[in-house]
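Report on one structure; see the data block that follows.
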Amino acid sequence: MAKLTFKPVTKATKDDFVALFESKGAPSYCWCMAWRADRDEAKLPGPKRKPMMMKRIDARVPVGLLGYLEGEPVAWVAIAPKETFRDGLGGPEPAEGDKIWSLVCMFTRREHRGEGIGHQLIAAAVKQAKKRGATIVEAYPVDPDSPSYRFMGFVSAFRKAGFKPAGDAGTRRHVMRLPV
């Protein structure tokens, strides 16, 4: 299994983020704005979403982590405070004092899929959220046969990482939580 190192996406790593998202098969159609975009931003096509993400990065809004293999960015996980995403993710109301960080997207370059990187992405996201003050990490995975939302991960991977069911969000997405 390939062992990745992780860095948060910041101004210093922004070029690596762009390189990953502009690589073949990467999610440049959304720039990981699907759950971040407000109503006006959501109407814009993929290429116009890139500047919206760059603006967030430049403003030091946490957006996620890059996974590196031998110095090259090969994977991405979106992990950030839940309030930085738009409504609609689902999940129970937070209790007083809860600081929820949401894991909403994962991407691994095609040539590295099937190497256990998804599990590393989840573990790194949990570690980052805890380091930044989260009390709960919330995820919204789907079943493996789901025709959509697969970028949010699969229930079995989150169950393996210790997440517990916390409800459903729509007809496909499950809400799973891990206290940290």
Exposed loop sites here are GluC sites (Glu not before Pro) in DSSP loop states with at most 11 other C-beta atoms within 10 Å. What is the longest stretch of the chain lacking them? 97-180
Under a no-solvent Debye model with one identical scatterer per Cα of the chain, what's log10 I(q)/I(0) at q = 0.08, 0.16, 0.18 Å⁻¹? -0.22, -0.96, -1.26
Which links in Lys14/Lys164; Lys130/Lys164; Lys43/Lys160; Lys43/Lys164; Lys24/Lys130; Lys43/Lys131 stretch past 28 Å when you go from one Cα to the other? Lys14/Lys164; Lys43/Lys160; Lys43/Lys164; Lys24/Lys130; Lys43/Lys131
Kirkwood-based Rg over Rh for the stretch 41-121 (C-alpha set), two decimals? 1.01
Tell me which aspartates and glutamates have Cα within less than 16 Å of Lys50's Cα, excluding those fewer than 8 residues away on the same chain? Asp15, Asp16, Glu22, Asp38, Asp40, Glu41, Asp58
Label point distance in nm, Arg132-Lys48, each placed 7 Å from Cα along Cα→Cβ: 2.7
What does the C-alpha gyration tensor say about the overall shape of the stretch 1-100? Classify as rounded when a/c is under 1.5, otherwise prolate if a/b is larger than b/c, or oblate. oblate
Could you put Thr10, Thr171, Thr108 in order, starting from the residue whose Cβ has the fewest other Cβ atoms within 10 Å? Thr171, Thr10, Thr108
With a cap of 16 neighbouring Cβ atoms within 10 Å, and only residues DSSP puts in a loop, list the chymotrypsin sites (Phe, Trp or Tyr not before Pro) found in the stretch 1-63. Tyr29
Need one number: nm distance between label points at Asp87 and Asp143, each 7 Å from Cα along Cα→Cβ, rounded to one decimal. 2.9
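Each value in this text was obtained by applying a stated rule to the coordinates, not by laboratory testing. Because the structure is a prediction, the values reported are computed rather than measured. Neighbour counts are summed over all protein chains in view; Cβ atoms, including those assigned to glycine, are modelled from backbone coordinates with ideal geometry.
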